[in-house]
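The next block holds one structure in the form of structure tokens; read it before the comments.
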Amino acid sequence: MTYAAIHKSICSGVFKPVYLLHGEESYFIDQLTNLILEKALQPHEHDFNLSILYGKEVNAKQVIAAAKQFPMMSQRRLVILKEAQQMKDFKTMELYLQQVVQSTILVINYKNKKVDGKTKLVKGIKKLEGAFLSDKLKEWEVPKWTSQYLSKKGFKLNNDIPTLVSDYLGNDLSKITNELDKMLLNLEKGATIDKKTVEKYIGIHRDYNLFALQNALAEKNVAQSFKIAQYFAANPNKNPLVLVLGNLFSFFNKLYVYHQVKKLDWSTQMKALRTYNDYAYNQTSKAAVKYPPQKLQHIFQLIREADLKSKGIGMTSRNDDALYKELIYQILN
């Protein structure tokens, strides 16, 4: 089932006897688990009818035993198994499906990876319509998700904010929502979120982040590019070189894709670029003018060489400052 379908069902008070929430994106798993906890039981029912177990501390037999208990002075019983991926005999959980207790809601959280879809457990829970695979959002999907998240919270935002947040915080939704929620605590409902607001409360300095480095390179601003790169070299924990190189590769690859599709219709271009708003599209098209395809191919090679050097290949000792200076100089020349 999809996240939206399960969410709607839970909010309507319709529960499945077993849920398997698994995958690499923990945010959606936590959201659905918390929603089930909120809707399935009243607070006064928790003492006798709620069991929260952890895979590292229990075995399958103990979880099944908890799930087979009947509710006390309540319509249902709720058993939540967290960190199921740490359970040594997790596969044995399939035995519960031989005799599912309809008055129990069993929620299985299996984070950071998916359960093999060929197992009897997954096949059985799919038949019960309680399986949800929580995939990581693609990088290009995060800005749209961020925009929707803030809009649902009742805030307005400038067009560049979703991209700025995505470039700085990546695609870890738990991290993103944590930072956004801390920011929103300082704002009045309905306020418009601009770049200064994000920089102030999330700590994204306009001069020293991946988003700013992209802009500087896109504009071929030599002084600004070297200034940011020098800061990155001096603060490797905040912006690891491997992360910066990956970000630069993605940025220049988008410019390369633009050159391949720029003569096609606008909607096809947007789809190929995985871009959802005019701001991001215009930023890409303007930057692409400064970097023709042949230059971009050379830049890809430069990034690959820098990656190898960062791993000690072709260098006697690692020097991030020298690597950054050399890479930025060659990209801009």
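The values are calculated or read from the model by the stated rules, or taken from the named source; none is laboratory data. None of these values were measured; they are calculated from a predicted model. Note: ideal-geometry Cβ built from the backbone for every residue, glycine included; neighbour counts use all protein chains shown.
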Given the condition surrounded by fewer than 16 Cβ atoms within 10 Å (Cβ to Cβ), out of contact with any Pro (no Cβ under 7 Å at 6 or more places or on another chain), among the small types (Gly, Ala, Ser) and at pLDDT 90 or above, answer yes or no: does some residue in the stretch 247-262 qualify?
yes
Filtered residue count, the stretch 124-164, keeping only those that are farther than 19 Å from Thr177 by Cβ, of a type outside the set (Gly, Ala, Ser) and either touching a strand residue (DSSP E or B) at 6+ places or on another chain (Cβ under 6 Å) or not assigned by TED's automatic domain parsing to the domain that holds Leu21 (or both):
6
Looking only at the stretch 125-177, filter to residues that are at pLDDT 90 or above and hydroxyl-bearing (Ser, Thr, Tyr); which one of those is farthest from the chain's Cα centre (by Cα)?
Ser151
Which number in (1) over 22 Å from the mean Cα position of the chain (by Cα); (2) surrounded by 15 or more Cβ atoms within 10 Å (Cβ to Cβ); (3) within 17 Å of Lys220 (Cβ to Cβ) marks the one condition that Val289 misses?
(2)
Of the criteria (1) buried (at least 21 other Cβ atoms within 10 Å of the Cβ); (2) in contact with an Asp or Glu (Cβ under 7 Å, 6 or more places away or on another chain), which one Ala212 fails:
(2)
Quick check on the stretch 209-230. Is at least one of its residues free of Cβ contacts under 8 Å to residues at least 24 places away in the same chain, in contact with a helix residue (DSSP H, G or I) (Cβ under 7 Å, 6 or more places away or on another chain) and either polar (S, T, N, Q) or under 30 Å from Gly154 (Cα atoms) (or both)?
yes
Look through the stretch 273-327, keep the residues that are basic (Lys, Arg) and under 20 Å from Pro240 (Cα atoms), and return whichever of them is modelled with the highest pLDDT.
Arg304
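Residues Leu35, Leu78, Leu21: which one is of a type outside the set (D, E, K, R), in contact with a His (Cβ under 9 Å, 6 or more places away or on another chain) and within 21 Å of Asn112 (Cα to Cα)?
Leu35
To keep it simple, each residue is scored yes or no on (1) among the hydrophobic types (A, V, I, L, M, F, W, C); (2) modelled with pLDDT of 95 or more; (3) more than 26 Å from Asn178 (Cα to Cα).
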position	(1), (2), (3)
Thr33	no, yes, no
Pro43	no, no, no
Arg77	no, yes, yes
Ala84	yes, yes, no
Leu97	yes, yes, yes
Val101	yes, yes, yes
Ile105	yes, yes, yes
Filter the stretch 100-123 down to the residues that are buried (at least 21 other Cβ atoms within 10 Å of the Cβ) and in contact with a strand residue (DSSP E or B) (Cβ under 6 Å, 6 or more places away or on another chain) and list them by number.
Thr104, Ile105, Leu106, Val107, Ile108, Asn109, Tyr110, Val115
Can Asn186 be described as touching a residue at least 12 places away in the same chain (Cβ under 8 Å) and over 30 Å from Gln62 (Cβ atoms)?
yes
